[in-house]
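Nothing in this text is a laboratory measurement; each read-out follows from the coordinates by a stated rule. None of the values given here were measured: they were computed from a predicted structure. Reconstructed Cβ throughout: ideal geometry from the backbone, glycine too, with neighbour counts over all protein chains shown.
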Amino acid sequence: MTTAFMPETGPETAPAEESSIGTRGLRASVRYWLGNWKLSLGLAMIIGLTGFSIFGSYIVDFDLTKVAAGDFNARPSEKYLLGTDNVGRDVWALIIHGIHPSLKVGLIAGVLGTAVGVVLGVVGGYYGGSTDAVISTMADIFLTIPSLLILVVLASYIRTTTLEFTALVIAIFAWAGPTRLIRSQTLSLRERAFVPLAKLSGQSDFEIAIKQILPNLLPYIMAGFVGAVSGAILALVGIQILGLGPLFTPNLGMILQAAYEGAAIFRGMWWWWVPPTAALMIIFISLFLISLALDELANPRLRERAK
Amino acid sequence: MSLTYILRRLGIFFLILWVASTLNFVIPRLAPGDPIAALIGEMEEQGATVENSAELINLFRERFGLDDPLPIQYLKYMAALARFDLGYSIRFFPATVSQIVAAALPYTIGLLTATSLITFVLGILAGALLVWHSTPQFGRAVITFFMMLAPIPYYLLAIIFVSVLAFSLGWFPYSGVVSVGRLAEEGFDFGYIVDLVYHSLLPAFSIIIAGVGGWVLGMRGMMVTVLGEDYLTLAEAKGLKDRRIFLRYAMRNAILPQFTALAITLGYVVSGATIVELIFSYPGMGLRLFEAINSNDFPVIQGITFFLVVSIAVAILIIDLIYPWLDPRITYSRK
Amino acid sequence: MTVAIESAPLLQIENLRVYYWTQAGPVKAVDDISFTINPKERFGFIGESGCGKTTTIMAILRLIKRPGRIEGGKILLKGSDILTLSDEEMRQSRWSRISLIPQGAMNSLNPVMRVQDQIADAIVTHRGAVPIRELRERIGDLLETVQLSAEVADMYPHELSGGMKQRVCIAMATALEPELIIADEPTSALDVVVQKAVMETLIGVQERLNASMILIGHDMGMTAQVADRVGVMYAGKLVEVAGTRELFRQPQHPYSQALISSLPSIREKKRGGGIPGLPPFLLNPPQNCLFHPRCPHAVAFCQETPPPMHRIRTSHMAACHLLSAPEQFDSAGESDGGVLGATKAAAGAEAPSGHQTR
Ligand SMILES: Nc1ncnc2c1ncn2[C@@H]1O[C@H](COP(=O)(O)OP(=O)(O)OP(=O)(O)O)[C@@H](O)[C@H]1O
Ligand code: SF4
Ligand SMILES: [Mg+2]
């Protein structure tokens, strides 16, 4: 008998009030973020690098990245800011034109992996039971299998592909990390007061997932995304060093691989291998800083303590 | 330890093998333009350079059973795998894939076991010390520095090490496993082992430094949680010595999730180590993989992948079987 | 009934202050409190949640964690100030002189150690190595004193029920026969039947050891039954200390009166109403008498001057201007006690107001 009027009063009052806890938490977090050096530094690094590459691409002539565009093995000079490689490509131009394609692969695989991860994670964590058992076991297994090796097998059959295709292939493994993360958070969110309340008030599972759970998952979704992007770039460069990456578009892995093959280190051609290494370091470190900040957001106990 | 627990873990063991080998089966068949047929065509072309090529091609036809329907091909493939029969190397025919793998596996397993253990122990200890109240400021700074290396991939670190430590400073050899002129056939005398270790130092170093930060991070997070637990307050109230609280109460509990994480990260470590081997020309699976890639030696590529997955699955099984011994709550739960 | 005072007090707390330095500013969790505990005495602490009870006893063990800090005062154990001990000396006196039955006893046992090892840890640390057989025997005896079988020694915490864990904690707290046992809500997580049994065990052990005990209880009825003297805390201040009977019969501080009248009366089987209003937010507490926003007798003077501790009898003190500066209330007349008077009457407490004691 009570259920008859529950839907009328319930949905408006109780859940709205409960989820405002999330909003209030979020507002406090926004304030926290603004003062978080890890987040600001990480964002500044990655945005700066992306901007540098994208705007630079309009300024620096793409033709300089082509074979025999300049002298061979030239040291850095006024003409060649970062010298040239062993086939006459301008390293400065290669770097500028090579950063954003590498980031793009990470972005594509990261978005795909996170999207799949959110869907599977929420479904598994929310419904539990055998659905969850299958999802979480598969995620664990995909995390366990050395993805790079499987990618190597794949790439060895399908040589000379495009960056976009490689990104899709990498995404095959990119979902497992986010799925695991989102699943465990959904699981704990499900236990919190507002979900049973929303259920009581007659919201459908789908509505609950969208309105109640998803907003609270936001920091974890972002963390999963950052992890997936970073993992994808890591895998891409790994495949490339093994000599299996896309070869035609300039990108960081390709430059590094060429430097490795061309024995840049042993020939003392630091200008050839240091720039791609440094650019990759900036990418990985900035993503790492961002994910540290997201961690702290989710787990306040990790925050730096007041003196 | 309950039987169900063991059975469950065994199930996961086989599941890992099954997923990996199925991927290995499916992937070549997904590739456009029937790569296996192309491969065989390629082998026919190369016939002149490979001894017994006709025999090899026949073996291949039979092995892949290209005329069979897919499910039959799949069953044949799985049956062969179960016998560790991965066929023949194209490049080194008539050497079997298993022979090639067997020659390289000990180096990789040795390197990986040693480095994984060292990385884990160092990382766990450092992560715990990072948030422990009596760690000196200097120690914290050092640990934080290594923690910050966490995001740097194995291969970048390896490249930097080769350049700085081996090339510029000349402290370490930068390739191979033993000095030129020394062969394993001379026997595993003491000198050989010293040489082997010396040559393994730099790759090992890269793997350890690249991996330790991740453990520091994970352990730090868990330690912070454990330090807030009531049993830690009580341990302190009991007037126990600092070191005992640290080891038996705090670390001992914070380690448990790390142990589970160890299983999850193995695949990642193996992937990374493969490339590190390549960069240092360390004669393990990574280097063989690279050579196989360069010579289109598909059976070897697949074989190496398969054996590495088997190794990981075995390691995970071992970890899973040790775990209940560390966490009594698992041992006695008979769900 | 007050316990006969044997010579000097066991524990003397003088002007203790403990602040938590949060980002928003200091939280004065314990602000200038003083009290004494006599040998063999059971001293109870009551007060609403968050008033600083746990902080007080953790200060006695010197276990205040960052961002908390003991800002001042003295904690004299048999006359010597433990705040001046070195860390190592303090470590040695923990458990051997002062032991703790913690608030969260459910989670206070290390989940990966057997009960025996956790008890042995305390013994071996303070008394040196003991032959294993002897150790087992002692632990068996200890478990027996808390009505547990010796087999419990070989179990892990997750194999024990809540009551059993609590008893293990009691056994552990008495292992070294300390002079002072601090029990922070030792029964709050247990169901009512078990609560009583555990409390009886605790009292039995304490009496056998001739130890003193500080008892924090959310269940005031239980505190009233077992404590010899009771201290009432409010917002980091000790507002009243008295012998148990006297306090419950004739509470002098308006907060104590409200607290006690909120107790369900046994005779009338009626639930008392809670105290109107909320305890103050300690980051930004009211000035001077912290209770004035909720106090039915409050006058302007209460906001302007901090009420001193006023001794009513040797063993009964309270900090309220009604007692120390009654002249300030003359103009307020008798109309002030409205709310309080009503609840009191309902609860059947025979608590006189400040005016009447005058
Ligand atoms: N780590 C801390 N940081 C900031 N404030 C704290 C901290 N620990 C306690 N406090 C504050 O100190 C005050 C006293 O806390 P305490 O735990 O001593 O209360 P309590 O009387 O034991 O309460 P309860 O009956 O709920 O156990 C509370 O207002 C609390 O908010
Ligand atoms: S001092 Fe004033 S406000 Fe405080 S308790 Fe006494 S009467 Fe109430
Ligand atoms: Mg408390």
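Quick one: which residues, 5+ away or cross-chain, put their amide H under 5 Å from the amide H of C:ILE214? H built at 1.01 Å from N.
Under 5 Å from the amide H of C:ILE214: C:PHE43, C:ILE181, C:ILE182, C:ALA183.
Which of C:GLN328, C:GLN23, C:GLN103 ends up with the largest GNM mean-square fluctuation for chain C, with Cα atoms connected below 10 Å?
Of C:GLN328, C:GLN23, C:GLN103, the Gaussian network model singles out C:GLN23 as fluctuating most.
What is the set of long-range amide H partners of C:ASP31 at a cut-off below 5 Å, with H atoms built 1.01 Å from backbone N?
For C:ASP31, the qualifying residues are C:VAL18, C:LYS237.
Give me a comma-separated list of calculated 3J(HN,Hα) values for segment A:210-218, in order, Karplus coefficients 6.51, -1.76, 1.60 applied at θ = phi - 60°, integers in Hz, x for any Gly or Pro.
Once θ is set to phi - 60°, the couplings for segment A:210-218 become 6, 8, 9, 7, 3, x, 6, 7, 3 Hz.
Explain nothing, just compute: Karplus ³J(HN,Hα) = 6.51 cos²θ - 1.76 cosθ + 1.60, θ = phi - 60°, for every residue of segment C:8-19 in order, whole Hz, x for Gly and Pro.
Result, ordered by residue: 7, x, 6, 10, 10, 9, 10, 6, 6, 10, 10, 10 Hz.
Which entries of B:LYS241/C:LYS53; C:LYS53/C:LYS237; C:LYS78/C:LYS196; B:LYS241/C:LYS40 show an alpha-carbon separation above 20 angstrom in the structure shown? Intermediate results must be reported in sequence, preceding the final value.
On the way: B:LYS241/C:LYS53 26 Å; C:LYS53/C:LYS237 10 Å; C:LYS78/C:LYS196 32 Å; B:LYS241/C:LYS40 29 Å.
The answer is B:LYS241/C:LYS53; C:LYS78/C:LYS196; B:LYS241/C:LYS40.
Tabulate in residue order the Karplus-calculated ³J(HN,Hα) for segment C:149-155, using 6.51 cos²θ - 1.76 cosθ + 1.60 with θ = phi - 60°, rounded to whole Hz; enter x for Gly and Pro.
Ordered by residue, 3J(HN,Hα) equals 7, 5, 5, 4, 3, 8, 9 Hz.
Amide H neighbours of B:PHE92 under 5 Å, counting only residues 5+ apart in sequence or on other chains, H built in-plane at 1.01 Å?
none
Rounded to the nearest 20 debye, what is the charge dipole size of segment B:97-334 about its Cα centre when +1 sits on each Lys and Arg Cβ and -1 on each Asp and Glu Cβ?
Approximately 900 debye in magnitude.
Hey, got the average number of other protein chain Cβ atoms within 10 angstrom for residues in A:134-140?
The per-residue average across the peptide is 2.
Could you order the peptides A:262-268, A:134-140 from most to least packed, using the average number of other C-beta atoms within 10 Å per residue?
Details: A:262-268: 16.9, A:134-140: 18.6.
Per-residue Cβ counts within 10 Å, averaged per peptide and sorted highest first, yield A:134-140, A:262-268.
Exactly which trypsin sites (Lys or Arg not before Pro) in segment B:70-151 are in a DSSP loop and have at most 16 other Cβ atoms within 10 Å?
B:ARG83
Using a 10 Å cut-off on Cβ to Cβ distances, tally the other chain neighbours for every residue of C:111-121 and report the average as a whole number.
On the way: counts 8, 11, 7, 1, 0, 0, 1, 7, 1, 0, 9.
Going residue by residue through C:111-121 and averaging, the value is 4.
Enter the Cα centre distance for the pair segment C:199-253 and segment A:107-167, rounded to the nearest angstrom.
About 61 Å separates the Cα centre of segment C:199-253 from the one of segment A:107-167.
Stokes-Einstein at 10 °C, 1.306 mPa s, Kirkwood radius from Cα pairs: D for segment A:117-179 in µm² s⁻¹?
Once the numbers are plugged in, D ends up at 125 µm²/s.
Which loop-located trypsin sites (Lys or Arg not before Pro) does segment B:193-297 contain, where loop means any DSSP state but H, G, I, E or B and the Cβ has at most 15 other Cβ atoms within 10 Å?
Passing sites in segment B:193-297 are B:LYS241.
So how compact is segment B:97-334: Cα radius of gyration and Dmax in angstrom?
Taking only Cα atoms of segment B:97-334, I get Rg and Dmax of 20.4, 66 Å.
By its C-alpha gyration tensor, with a ≥ b ≥ c as the square roots of the eigenvalues, how is chain C shaped: rounded for a/c under 1.5, else prolate for a/b larger than b/c, else oblate?
prolate
For every helix of n ≥ 4 consecutive DSSP H residues, a contribution of -39,500 (n - 2.57) applies; sum these over chain C, divide by its total residues, and give [θ] at 222 nm rounded to the nearest 500 deg cm²/dmol.
The helix-only estimate for chain C comes to -9000 deg cm²/dmol at 222 nm.
Please state the equivalent ellipsoid semi-axes for segment C:163-251: what are the square roots of 5 times the Cα gyration tensor eigenvalues, largest first, in whole Å?
Calculated on Cα positions only, the semi-axes equal 23, 15, 12 Å.
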